[in-house]
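The values are calculated or read from the model by the stated rules, or taken from the named source; none is laboratory data. The shown structure was predicted, so the numbers you read here are calculated from the model rather than taken from an experiment. Here the Cβ positions follow ideal geometry from the backbone for every residue, glycine too, while neighbour counts run over all protein chains shown. Please note that ligands, DNA and RNA were not included when accessible areas were found on the heavy atoms of the full protein model with its side chains. Shrake-Rupley method; radii C 1.70, N 1.55, O 1.52, S 1.80 Å.
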Amino acid sequence: MLRALLSGLGWRKGIWGCAFSSWQPHQPPAGLSATEVVSHWTVVFEEKGIPEARESSEYIVAHVLGAKTFQSLRPALRTQPLTPWQLQCIQELSSYRLQRMPVQYILGEWDFQGLNLKMAPPVFIPRPETEELVEWVLEEVTQGPRVVGAEGGPLILEVGCGSGAISLSLLSRLPQRVGGGPWSPSLVSEHPASHVPLFLGQSRVTAVDKGEAAICLTHENAQRLRLQDRIQIVPFDVTLVESWAHLLPWGPVDLVVSNPPYVFHRDMENLAPEILRYEDPVALDGGEEGMDIITHILALAPQLLKDSGSIFLEVDPRHPELVGSWLQSQPDLPLNLVAVRRDFRGRRWAGGWPSLAHEALNPIMPAVPSLLSNHDWEPKIDCRTYPWCWSMKEKWTETPHQELMAKWKTEASKQEPGRL
């Protein structure tokens, strides 16, 4: 799997438009097989200092051949000579990797929690370690009945939805409707402001983001996964002093989940070119101590959460101590830090890259202190961190991936009919 540095190669207008141009530097000779082309581009990438050189070339070659991974290709496809148009397509995509574009943006899509999501710059690319945050939320939902809404499934708010990866993966694995019987109009209500159909007894999400590109991409991914009826997607800046009431048509939520901007501002300049050139800096820069958005989310908790609700955040490993100190300075805020987990790597990234941890925060309920012990919600420590380096954004006009692929296939079929 591509982990750190392959964070989203996006579709730029014209990538496929010049797919049949004349010879370019680094172009391999004709007649090579897929395996030989992977080796060729691996060497080129290594010479140019491109991280994850072999993985990059394997994903690009597999994509042109219609597969998700090189390993999933049939053996015959790996060894037979590639056609001139296949070689040229690989050449064009590889040229963008040489510019340190993340692979996910190049391919225009990426898998997260088994879901195939569209990826487009400058929207933040979900990292594989964030899947562990999703798993932790699901674990708490299934093991802790306090987080299940009265109608069955939990009500969830995601702050900073990006591509919709967290919201949509949670929806795909949580109940659609409790009780089993056939759908009927009595199971549906309509919120007059948002016109979002509300299905009783099912898990539902409100996803917010301040970025227009993120809102559009979450909408598109929800539609392609057929989850649009269970999610309300709202452009909203968490730092603005506004009421959240209009964002929560279903009332207070059981869970708030967020992978907020948490990079310390002084660390931003040290990020890899994949990050600094392509992804939105607003999705990364958390201010002086990486806490700007985190504290806004925590301060809004009383307005957002049910009494037994929880907040799950993905943060820097330096943040648990900072969050604890901040909570102590807010005695009127009914939140308690109850768990911290490290990621599967269990260590900081070599070279001083900031790592990430996950935090769960639960409101303190002084009136019913026994509720914590009755539901096994004692504080627990099981820390996770993960290495990271990805990218920021270089502004450009984007052509939708599907349209570009259609143009490419049309051109390819003209070059060699019957090959697609």
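All of (1) within 24 Å of Val315 (Cα to Cα); (2) open to solvent by 20 Å² or more (accessible area, probe 1.4 Å); (3) in contact (Cβ under 8 Å) with a residue 24 or more places away in the chain hold for Asp229 with one exception: (1). Only residues that are touching a helix residue (DSSP H, G or I) at 6+ places or on another chain (Cβ under 8 Å) and touching a residue at least 60 places away in the same chain (Cβ under 8 Å) were counted across the range 243-275, and they come to 14. Among the residues of the range 284-343, just one is of a type in the set (Ser, Thr, Tyr), touching a helix residue (DSSP H, G or I) at 6+ places or on another chain (Cβ under 7 Å), modelled with pLDDT of 85 or more and open to solvent by 20 Å² or more (accessible area, probe 1.4 Å), namely Thr295.
Each residue in the range 103-124 was checked for being out of contact with any helix residue (DSSP H, G or I) (no Cβ under 6 Å at 6 or more places or on another chain), among the polar types (S, T, N, Q) and not in a helix (DSSP H, G or I), and 1 of them qualify.
Of note, Ala53 satisfies the criterion of being of a type in the set (Gly, Ala, Ser) and farther than 14 Å from Cys89 by Cα.
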